[in-house]
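> Please find one structure pasted underneath; my questions will follow.
The values are calculated or read from the model by the stated rules, or taken from the named source; none is laboratory data. Since this is a predicted model, take the numbers as computed values, not measurements. Cβ atoms come from the backbone with ideal geometry, glycine included; neighbour counts cover every protein chain shown. Just the protein is used for accessible areas: all its heavy atoms, side chains included, with ligands, DNA and RNA removed. Shrake-Rupley method; radii C 1.70, N 1.55, O 1.52, S 1.80 Å.
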Amino acid sequence: MTEHRYAVEVDGTPREVWELFWYRGPRRPTSSGVQIEILHPGDEVGEGLIRHCTFRVPRYLLSGGVGYSWEWLTEVKPYESWKYDAVGKPLWSCAEGRTRIEDLGDGRTRIHFTEKYHAYNPVLRVLLERRVHRFISRDNDRLITDAVNQGIRRLRAARRGDGGDPGNPVGSDRAGGDGDGPGE
């Protein structure tokens with residue numbers, strides 16, 4: 001089993017960070033190389049949300065460089081934390097991730113991420129698990145920080161009515177992409 005932990009600090013309140021991660025509008029936020037489709041929205045706070053994710057994986061897995069996961073969210077505490085469990089391919093793996101939001105005051109928030117990743121096949125686990133997870137997780141801290149800070153700027157601009165797109169609060173203007181961060 002491989003475990004990956006990191007934390008990032010962003011220029012936004014916990015409420016703004018929560019709004020970005022839990023945005024349920026028609027166009028989900030975009031993150032580089034990640035697409036997320038909400039299959040079931042869960043209850044009013046997101047408990048039970050089910051999503052299908054597409055993301056980049058190493059080409060040596062012979063999947064055309066594309067990985068897939070199906071994730072369900074539980075233990076949702078609004079403006080504080082959530083947990084996800086996932087199964088994925090092409091390595092046929094499972095993951096458990098946790099996200100926690102910490103208020104730093106002065107409009108800043110620290111977001112803590114933890115993910116445990118486990119390939120089912122014992123041979124693939126020994127040969128590829130660490131390399132694949134390292135590839136998938138590479139630069140997550142920088143990508144998440146940039147995406148969340150950009151999303152908060154767009155969210156604030158939309159609230160002021162000066163050009164922000166509330167339908168795409170975190171991402172670029174590329175069509176078709178969805179994403180909400182880390183393994184999430």
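> With the requirement that a residue be open to solvent by less than 50 Å² (accessible area, probe 1.4 Å), touching a His at 6+ places or on another chain (Cβ under 8 Å) and assigned to a strand (DSSP E or B), what does the stretch 44-70 give you?
S69, the sole residue that qualifies.
> If E75 meets every condition in (1) outside any strand (DSSP E or B); (2) surrounded by fewer than 16 Cβ atoms within 10 Å (Cβ to Cβ); (3) not β-branched (V, I, T) apart from one, which number is that one?
Result: E75 passes all but (1).
Residues checked against (1) touching a strand residue (DSSP E or B) at 6+ places or on another chain (Cβ under 8 Å); (2) among the acidic types (D, E):
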| residue | (1), (2) |
| --- | --- |
| R5 | yes, no |
| P41 | no, no |
| E44 | no, yes |
| P58 | no, no |
| G65 | yes, no |
| S81 | yes, no |
| R98 | yes, no |
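> Additional query: With the requirement that a residue be of a type in the set (S, T, N, Q) and farther than 20 Å from N140 by Cα, what does the stretch 41-94 give you?
If the condition is that a residue be of a type in the set (S, T, N, Q) and farther than 20 Å from N140 by Cα, then S63, T74 are the ones that fit.
> Turning to a different aspect of this structure: Kindly indicate whether L20 is open to solvent by less than 50 Å² (accessible area, probe 1.4 Å) and either touching a helix residue (DSSP H, G or I) at 6+ places or on another chain (Cβ under 8 Å) or modelled with pLDDT of 85 or more (or both).
It is true that L20 is open to solvent by less than 50 Å² (accessible area, probe 1.4 Å) and either touching a helix residue (DSSP H, G or I) at 6+ places or on another chain (Cβ under 8 Å) or modelled with pLDDT of 85 or more (or both).
> Now for a different question. List every residue pair whose Cβ atoms sit under 7 Å apart, with the two residues 6 or more apart in sequence or on different chains, where the first one lies in the stretch 136-150 and is under 22 Å from P90 (Cβ atoms) and the second, anywhere, is β-branched (V, I, T).
I136/V57
> Given the criterion open to solvent by less than 60 Å² (accessible area, probe 1.4 Å), among the small types (G, A, S) and in contact with a helix residue (DSSP H, G or I) (Cβ under 6 Å, 6 or more places away or on another chain), identify the matching residue among G12, G97.
Only one candidate qualifies: G12.
> Ok, one more. Identify the residue in the stretch 150-166 that is in a helix (DSSP H, G or I) and surrounded by fewer than 16 Cβ atoms within 10 Å (Cβ to Cβ) and, among all such residues, is nearest to the chain's Cα centre (by Cα).
R153
> Condition first: in contact (Cβ under 8 Å) with a residue 24 or more places away in the chain and more than 22 Å from R5 (Cα to Cα). Now tell me which residues in the stretch 116-132 satisfy that.
N121, L124
> Y84 - would you say it is in contact (Cβ under 8 Å) with a residue 24 or more places away in the chain and in contact with a His (Cβ under 6 Å, 6 or more places away or on another chain)?
no
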